[in-house]
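Below: the structure, in structure tokens.
The values are calculated or read from the model by the stated rules, or taken from the named source; none is laboratory data. Source: prediction; values computed, not measured. As a convention, Cβ positions derive from the backbone with ideal geometry for all residues, glycine included, and neighbour counts pool all protein chains shown.
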Amino acid sequence: MHDILPDDLPLWQELERTVRDVFARYGFAEIRVPLVEKTELFARAIGAETDVVEKEMYTFTDRNGDQLSLRPEGTAGVVRAVLQNSLLYSAPLRLWYCGAMFRRERPQKGRTRQFHQVGAEVFGAAGPDIDAELLAMSQRIWSELGIEGLRLEINSLGTSSERQIYREALKSYFSLHLSALDEDSLRRLERNPLRIMDSKSASMQEIIAGAPSFSEFLGAESRVHFDQLRRYLDVLGVPHEVNPRLVRGLDYYSHTVFEWITDQLGAQGTVCAGGRYDGLVALQGGKPWPGIGFAMGQERLVELMRAKGEINAATPHIYLVMVGDQTTPHGLEIAERLRRNIPTLRILANLGGGSFKAQFKRADRSGADLALVLGEEELQQSIVTIKPLRTEADQRQVALEELSSWLSDWLHHR
């Protein structure tokens, strides 16, 4: 579990501002759900036999004897919230969330035990049109973040009855290769052989490649849904490829599943994933109700944003150097006036005193473009000296009454 340090926060804030804006343009409202839920919520929704529930959740017993877990993902909590608060029946309901999730797994680049996700969920829309719009919305987010090179993989997991037939076919196939199955796959064979298809083990990939494809078991309605989705994506200009081995890691998915993948983050290439979960609301105690959603990993998106060379938005434009016993109160008043008059101006005033030389060293370390110098001589003449810190341009003096206007013009043309 890692700290998010000040130098990185501007990237996180830019990501969150962008997704908030895009979600609003598509009619999504924000929801905030607890970090802690009853363990049974996740066992029912995600699947008691998944790796997430069996091995990765942080689970504890509280004073009342209730078994609680830190949330490993967001969808289950959102479903509980909309059922508990009778929100479903204003369908179609569009919600988004943002926050920390927790899984106890081996940390590696782009994968930490506390990680952060932004997610979107839609309830009450059964057709492939909403599937396509969600994917177009996610593509819009990548575009507005300036992230390139993501590819979209999609697949269909059909209905629950189709999956059951497919499970039996997989069980028969993998039973013929028992000696080649790793420990996790042997454990999954009896409980849920579909989960073997999600294995990331290198030794399993050749065997998985020879397994039956889900497309062979899709019924007519499932095929129509998937074919229509692909047509909508073509109309919307969303390039995609079908990956018949894509099953996702959670048990509640049906019909459409998808992943947005990058080649820039090594093994942790999935930056956004999701799909349709038409049976999840009923599983959580509600009436059968269609749903679809996705979650994107903030840590991984921040890594991609950092690779673009994003500028630290917290870097000040101006560093105010104040020299002399009488200059500090006047300097602080000038700084406040500038912040009030120019809301986008970032100004850092030197506090704690220091010699002229020491203050200029601080100004240089701050990354500011300009130093404003207010000494006793400037104070007497009601001027400031403006010294460029990143270029060879000459310094100049500006009257205090004209300073806001001068800096506004400079900020506009910088």
Worksheet entry | Breaking point among (1) in contact with a strand residue (DSSP E or B) (Cβ under 7 Å, 6 or more places away or on another chain); (2) at pLDDT below 95, for L152 | (2)
Worksheet item: When only residues in the stretch 59-70 that are charged (D, E, K, R) and either exposed (fewer than 11 other Cβ atoms within 10 Å of the Cβ) or modelled with pLDDT of 95 or more (or both) count, which is nearest to P288 (Cα to Cα)?
Response: D62
Worksheet item: Which one of these is farther than 20 Å from L134 by Cβ and either modelled with pLDDT of 95 or more or of a type outside the set (V, I, T) (or both): E40, E30, E16?
Response: E40
Response to the item:
Here the residues within the stretch 202-225 that are polar (S, T, N, Q) and touching a helix residue (DSSP H, G or I) at 6+ places or on another chain (Cβ under 7 Å) are S222
Item to complete: Return yes or no: is T344 among the hydroxyl-bearing types (S, T, Y), closer than 30 Å to Q380 by Cα and at pLDDT below 95?
Response: yes
Worksheet item: Of all the strands (runs of 3 or more DSSP E) wholly in the stretch 343-396, which have at least 1 residues that are in contact with a His (Cβ under 9 Å, 6 or more places away or on another chain)?
Response: 347-349, 370-374
Worksheet item: How many residues are of a type in the set (A, V, I, L, M, F, W, C) and closer than 15 Å to Y319 by Cα when one looks only at the stretch 360-409?
Response: 13
Discussion item. Which numbered condition in (1) surrounded by 12 or more Cβ atoms within 10 Å (Cβ to Cβ); (2) without any contact (Cβ under 8 Å) to a residue 60 or more places away in the chain is the only one that G352 fails?
Written reply: (1)
Fill in: Condition check for Y253: under 20 Å from E133 (Cα atoms), hydroxyl-bearing (S, T, Y) and out of contact with any strand residue (DSSP E or B) (no Cβ under 8 Å at 6 or more places or on another chain)
no
Practice prompt. Please identify the pairs in which a residue from the stretch 128-149 that is outside the structural domain of G274 (by TED's automatic domain parsing) has its Cβ atom under 7 Å from the Cβ atom of a residue that is surrounded by fewer than 22 Cβ atoms within 10 Å (Cβ to Cβ) and at pLDDT below 95, counting only partners at least 6 apart or on another chain.
Written response: none
Item to complete: Say whether the condition of being out of contact with any Cys (no Cβ under 9 Å at 6 or more places or on another chain), touching a residue at least 24 places away in the same chain (Cβ under 8 Å), of a type in the set (V, I, T) and part of a helix (DSSP H, G or I) is met by at least one residue in the stretch 188-196.
Response: yes
Fill in: Every residue from the stretch 124-169 that is part of a loop (DSSP other than H, G, I, E, B) and under 28 Å from G286 (Cα atoms)
G124, A125, A126, G127, L157, G158, T159
Worksheet item: Is there a residue being of a type outside the set (D, E, K, R), touching a strand residue (DSSP E or B) at 6+ places or on another chain (Cβ under 9 Å) and either assigned to a strand (DSSP E or B) or surrounded by fewer than 18 Cβ atoms within 10 Å (Cβ to Cβ) (or both) anywhere in the stretch 203-214?
Response: no
Discussion item. Just the residues that are out of contact with any helix residue (DSSP H, G or I) (no Cβ under 6 Å at 6 or more places or on another chain), of a type in the set (G, A, S) and modelled with pLDDT under 95, please, taken from the stretch 100-134.
Written reply: G124, A125, A126, G127
